[in-house]
Amino acid sequence: MILYAFRRLLESVVVLFAMSLVVFLSVYAIGNPVDILVSPQADAQEIERAIRGLGLDRPLWEQYAVFLRQAAAGDLGHSFAFNVPAIGLILERMPATLELAGAAMLVAVGLGIPLGLWAGLRPESASAKAIMAGSILGFSLPTFWVGLVLVMVFSVWLGWLPASGRGPTTDLLGVPVSFLSREGLRHLLLPAATLALFKLSLLARLTRAGTREALAQDYVKFARAKGLATRRVVGVHVLKNILVPIVTVIGLELGSVIAFAIVTETIFAWPGMGKLLIDAIGVLDRPVIVAYLLVTVTLFVLINLVVDLAYSALDPRVRLAEARA
Amino acid sequence: MTVATLRVENLRTHFFTRHGVVKAVDGVSFEVRAGRILGLVGESGSGKSVTGFSILGLVDPPGRIVDGRILLEGRDLRALDAEGLRALRGDRVAMVFQDPMMTLNPVLTIGTQLAETVRAHRRVSRAAARDEARAALARVGIASPDARLAAYPHQFSGGMRQRVAIAIALINRPALVIADEPTTALDVTIQGQILAEMQSLVRASGAALVWITHDLAVVAGLADEVAVMYAGRIVERGPVDAVLDRPLHPYTRGLVDSVPSRRARGEPLRQIPGMAPSPAALPAGCAFRSRCDRASAACLAEPGATLTRDGREVRCFHPLEAP
Ligand SMILES: Nc1ncnc2c1ncn2[C@@H]1O[C@H](COP(=O)(O)OP(=O)(O)OP(=O)(O)O)[C@@H](O)[C@H]1O
Ligand code: SF4
Ligand SMILES: [Mg+2]
């Protein structure tokens, strides 16, 4: 197990390294930040100074080497636009995005799995059919549209919930969060619901399919033949089996929920990394874009690592296969 | 006279499918006494498993028991509610399934799967349930049971898994065990071992055993009585030696003749011509009619059960011997 964890860690480092190269090349190969950052009236000398100041005059590989050395030291360059460390900008916005993504995932898991279980256990019931129909909607409606409709209904018509911003934040171990205050929670609700809808539908469908499949298995019939209560058959024998794919999907989706937060953050003016990225792309603020991509990739890789470890803890067959490997 | 451990009277279990009613079990009666073994034989689809599941109250929709009585130690199981049935399952009546690779839950340890069976029926501590689990594994011949409790099913061979399933079935000392082809998926040596062990375990505990199989050779070596099923009905029933040596029903005769070991070497095996009818579209009258060389116009009606002098029962208008 420890060996496996170590190997996965090493793999993660390699992935990060490869990603840094790809990100660096793709971002530094497009556009010219000088055009944007230096005033059009500037003379050649000023432009020259700006280029040298930003290190853009040196060969690409040298820029990358500098970038890598600094990245390893936690320095991803200064934002062209704000002239402050890019990584600082990203990290400052990260808690807002993580809170939004976490809240969305919580909603998706907390509703999706029970709804899916219910629909799987009573596939013929009207409620199960309603759940399935709803999940198809949740699947196919675009996020921005859902967000706008929610704002329309709950903010504009009913006036129950605020339409934008993060509301007041409370410090939790030095990190500003919204969910600890009533007002913050009210701000969090709509964006989290918007972001959650797709994942909720996905999880409900996945759980339903898994439940249906597990219920048809001999081991469930055998568990019933042993005289176990339905509660135990479903809660232990069925759930533990379908948890393996569900945890995998949750892990993978946690990464994508952070990425998809971009749209939701833009609609609800949620001050997270996604909104920062959109602004940075607008002015070709390369260090910020690079910092965003690298931070997101790091999150992805970390989450995958945790999921893999959780996966092997859940499924004894995987655990054994690794022990042999 | 003591009451039979299991008495099934005129059991009918039908499946109400989109394509019509499948009469999987259609008027089955038999009984098994404590310490006795009944072999339930018949070809694939004849309704053996459905009979077993009916007794446990585990027939799922679209199937339903539509008629008959199932008396376990004198108690009518059809009169019980869901909780009453649950309390009996795994306690007074247990079942072993055909495929040991599928019956154990892959993500729970053997120890958990044994102990939960104990705790579903008796209020005992975890430690006590674990002790019982260890003892149950030892009883079915699993070495170092203590270490095995923490193992998962995939760490066991097929034969070992079936032993675990048998240990689970027997752990609460049931009055009745239904074994649904538990050795079919295993190789011959293991099959022999498990048969012998099962026989002695059941004899030792005084449980009644219903052994479902399509293998007459197994029945000959194991059972006291045999019931031959065809298309949802029992066509012949009686002491195993009498039925296999002098079958009365043409279908039983055909089954006996198609077993290699019971015929002289070199003689060609005989087969029953034709195919079993689909239980969704049973012909009126005797269901074996289209395959039977003794059929007559009388067989267009449904044959009733005839009791013979030596205590056998046969459903045929023209049995091979006068009853
Ligand atoms: N869920 C179901 N829906 C419809 N028909 C069913 C269902 N389950 C069983 N049947 C039908 O009931 C009949 C009896 O099936 P059963 O499983 O009892 O046969 P069996 O004698 O155990 O055969 P085998 O030796 O193959 O196990 C079959 O014809 C089958 O098609
Ligand atoms: S009742 Fe008639 S058709 Fe049926 S087995 Fe007997 S002889 Fe054959
Ligand atoms: Mg069967």
- Item | Cross-chain or 6+ apart pairs with Cβ under 7 Å, segment B:167-180 first and without any contact (Cβ under 8 Å) to a residue 40 or more places away in the chain, then more than 16 Å from ligand 2 (Cβ to nearest atom) | B:Arg173/B:Ser205
- Could you please let me know if B:Met101 is out of contact with any Ser or Thr (no Cβ under 7 Å at 6 or more places or on another chain) and modelled with pLDDT of 90 or more? no
- Query: Which of the residues spanning segment A:96-119 are farther than 19 Å from A:Ala261 by Cβ and not hydrophobic (A, V, I, L, M, F, W, C)?
  - Reply: A:Pro114, A:Gly116
- Task: Filter segment B:27-63 for residues that are touching a Phe, Trp or Tyr at 6+ places or on another chain (Cβ under 7 Å) and more than 9 Å from ligand 1 (Cβ to nearest atom) and give the result.
- Result: B:Ile37, B:Leu38, B:Gly39
- Query: Of all residues in segment B:273-305 being among the hydroxyl-bearing types (Ser, Thr, Tyr) and open to solvent by 50 Å² or more (accessible area, probe 1.4 Å), which is nearest to ligand 1 (Cβ to nearest atom)?
  - Reply: B:Ser278
- Item | Filtered residue count, segment B:309-323, keeping only those that are modelled with pLDDT under 85 and either under 25 Å from the mean Cα position of the chain (by Cα) or part of a helix (DSSP H, G or I) (or both) | 2
- Could you please find all residues in segment B:216-231 being of a type in the set (Gly, Ala, Ser) and touching a residue at least 60 places away in the same chain (Cβ under 8 Å)? B:Ala223, B:Ala227, B:Ala231
- Residues in segment B:41-61: is at least one in the same structural domain as B:Tyr251 (by TED's automatic domain parsing), assigned to a strand (DSSP E or B) and either buried (at least 17 other Cβ atoms within 10 Å of the Cβ) or within 16 Å of ligand 2 (Cβ to nearest atom) (or both)? yes
- Message: Please pick out the residue among A:Arg224, A:Arg208 that is within 13 Å of chain B (Cβ to nearest Cβ) and touching a helix residue (DSSP H, G or I) at 6+ places or on another chain (Cβ under 7 Å).
- Response: A:Arg224
- Test each condition in (1) within 14 Å of chain A (Cβ to nearest Cβ); (2) away from ligand 3 (no atom under 13 Å from the Cβ); (3) under 15 Å from the mean Cα position of the chain (by Cα) for B:Ser54 and report the one that comes out false. (2)
- Taking A:Asp57 as the residue in question, decide whether it is open to solvent by 40 Å² or more (accessible area, probe 1.4 Å), touching a residue at least 12 places away in the same chain (Cβ under 8 Å) and either of a type outside the set (A, V, I, L, M) or part of a loop (DSSP other than H, G, I, E, B) (or both). no
- Query: Which of the residues that make up segment A:78-122 are without any contact (Cβ under 8 Å) to a residue 24 or more places away in the chain, within 12 Å of A:Arg208 (Cβ to Cβ) and hydrophobic (A, V, I, L, M, F, W, C)?
  - Reply: A:Trp118
- How do the pairs read when you match residues in segment B:7-30 that are within 14 Å of chain A (Cβ to nearest Cβ) with residues anywhere that are more than 10 Å from ligand 1 (Cβ to nearest atom) and in a strand (DSSP E or B), using Cβ under 8 Å and keeping only pairs 6 or more apart or on different chains? B:Phe16/B:Arg64
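The values are calculated or read from the model by the stated rules, or taken from the named source; none is laboratory data. Note that the structure is a prediction, hence the values are computed from the model and not measured. Note that each Cβ is placed from the backbone with ideal geometry, even for glycine, and that neighbours are counted across all protein chains shown. Quick note on the areas: whole protein, heavy atoms, side chains included, nothing else; ligands and nucleic acids left out. Shrake-Rupley method; radii C 1.70, N 1.55, O 1.52, S 1.80 Å.
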